[in-house]
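Following: one structure in structure tokens, then a few remarks.
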Amino acid sequence: MADFSIGIVGLDELGGALSERLEDQEFGHIVTDINSQNLQIHVAESGVAPAATPSDVGQMCDLIFLAEIADSTMRESVMGATGLVHGVSSGTIIVDMCEADPQTGVELTGKLASKGVISLEAALAGSPEDVREGTATLLTSGRADMLTEIDPVLKAISARSLRLGDLGSGKLAKALGTSANAMATAVYTEAMLIAKRAGLDAAGVLAALPYLAPGAGTPPEAIAEQVLTGHFDTGVPINLVQKDIATTLDAAIRSGAPALFLSQVQAAFASARYLFDANGDAADMPRWLAQNAGVTFLPEAQNNDAADGDDFQPDASDDDLVGP
């Protein structure tokens, strides 16, 4: 077992999953949250030892996972009146796992450096449930020697860690991955809508695409699982996708890179949030595209082979394409 005094700051979904995983792997740790209700609920359910404030965690721990979900809570947890900055000492390792802008993490890292803090980053590629199950992929950045030192703990909460470079690299890479998937989902959804409106077997077209366009890669799983079935429920919050796209667009502006298509996809996500039946899921975007096209896919797969194109028949008339 690694010889660290471990603390977690932030007990929303990610921080809670991280605490559960560490407990399952017999890594003792303490937890805190600037939201006292979050702290009370987690401690009551898990029995993990609490700390009153991030500052207290900073005083008691030499390895701290920061798992806040927004720039504002990250700033307060680090620099607020009871923030980490008031408790940490030289040599403390802070691992940033926050769902915040990469620039915010880099900015706060600079302020903590004056205290002798060693800052690392471990952006989650996946979901909190992956952390809970130990199957997550972490996109890490920061000093290679320090990442090696805490590797036993990282292995306890993930299946793999990929080091990408300097601080900020992991979060930007994650945002780029989310953005690429969002663009692919939009492209393939539009292709399915055109196929459906034209009277083709959309599922059959999807199955044929890897052969028709072998250099285009594999369609996102969401097309078969969410779009063609009409389920539109990925479990991924739409606001997190929008945040990653915004991070990517900001990087494009800063670097002078073009992002014309991604800008359009971001606009589609923004519009999708105003659907009358929007549920805050990332699949609201392809649902919005389908509704604008007047297309209704099957509410449920007809059989287990629907995604492979079997028994998925195009509607005979244009009226059948239009949802109620």
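The values are calculated or read from the model by the stated rules, or taken from the named source; none is laboratory data. Remember, predicted model here, so these are calculated numbers, not experimental data. Here the Cβ positions follow ideal geometry from the backbone for every residue, glycine too, while neighbour counts run over all protein chains shown.
Summary table
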read-out	value
Total residues in the stretch 112-130, condition assigned to a loop (DSSP other than H, G, I, E, B) and in contact (Cβ under 8 Å) with a residue 60 or more places away in the chain	1
Conditions (1) more than 12 Å from the chain's Cα centre (by Cα); (2) farther than 18 Å from residue 143 by Cα; (3) part of a loop (DSSP other than H, G, I, E, B); number of the one not met by residue 100	(1)
Yes/no for residue 92 being β-branched (Val, Ile, Thr) and more than 30 Å from residue 248 (Cβ to Cβ)	yes
Odd one out for residue 145 among (1) at pLDDT 90 or above; (2) farther than 21 Å from residue 27 by Cα; (3) not in a helix (DSSP H, G or I)	(3)
Residues located in the stretch 96-121, provided they are under 13 Å from residue 84 (Cβ atoms) and charged (D, E, K, R)	96, 111, 115
Extreme residue, farthest from the chain's Cα centre (by Cα), among residues of the stretch 125-147 that are at positive phi and surrounded by 15 or more Cβ atoms within 10 Å (Cβ to Cβ)	142
Residues within the stretch 178-214 that are surrounded by 17 or more Cβ atoms within 10 Å (Cβ to Cβ), out of contact with any Leu (no Cβ under 9 Å at 6 or more places or on another chain) and not polar (S, T, N, Q), tallied	4
Complete set of residues in the stretch 247-269 that are touching a helix residue (DSSP H, G or I) at 6+ places or on another chain (Cβ under 7 Å) and surrounded by 14 or more Cβ atoms within 10 Å (Cβ to Cβ)	247, 248, 249, 251, 259, 262, 265, 266, 268, 269
Answer from 186, 207, 175 - the residue that is modelled with pLDDT of 95 or more and closer than 30 Å to residue 285 by Cα	186
Members of the stretch 1-56 found to be acidic (Asp, Glu) and surrounded by fewer than 22 Cβ atoms within 10 Å (Cβ to Cβ), listed by number	3, 12, 13, 20, 23, 24, 26, 45, 56
Scope the stretch 262-278; condition at pLDDT 90 or above and within 20 Å of the chain's Cα centre (by Cα); matching residues	262, 263, 265, 266, 267, 268, 269, 270, 272, 273
Single residue of 104, 109, 92 found to be in the same structural domain as residue 17 (by TED's automatic domain parsing), of a type outside the set (A, V, I, L, M), touching a Leu at 6+ places or on another chain (Cβ under 9 Å) and at pLDDT below 95	109
Matching residues in the stretch 79-103 - criterion: being crowded, with 20+ Cβ neighbours inside 10 Å and not acidic (Asp, Glu)	83, 84, 87, 88, 92, 93, 94, 95, 97, 98, 100, 102
Meets criteria (within 24 Å of residue 274 (Cα to Cα) and in a helix (DSSP H, G or I)) for residue 253	no
Selected residue (criterion: farthest from residue 169 (Cα to Cα)) from residues of the stretch 108-120 that are crowded, with 16+ Cβ neighbours inside 10 Å and more than 19 Å from the chain's Cα centre (by Cα)	115
Total residues in the stretch 56-80, condition assigned to a helix (DSSP H, G or I) and closer than 23 Å to residue 3 by Cβ	5
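To keep it simple, each residue is scored yes or no on (1) under 21 Å from the mean Cα position of the chain (by Cα); (2) of a type in the set (A, V, I, L, M, F, W, C).
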residue: 232; (1), (2): yes, yes
residue: 248; (1), (2): yes, no
residue: 254; (1), (2): no, no
residue: 260; (1), (2): no, yes
residue: 282; (1), (2): yes, yes
residue: 294; (1), (2): no, no
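The rows are residues; the columns are (1) at pLDDT below 95; (2) under 30 Å from residue 246 (Cα atoms).
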| site | (1), (2) |
| --- | --- |
| 24 | no, no |
| 31 | no, no |
| 38 | yes, yes |
| 46 | yes, no |
| 50 | no, no |
| 54 | no, yes |
| 61 | no, no |
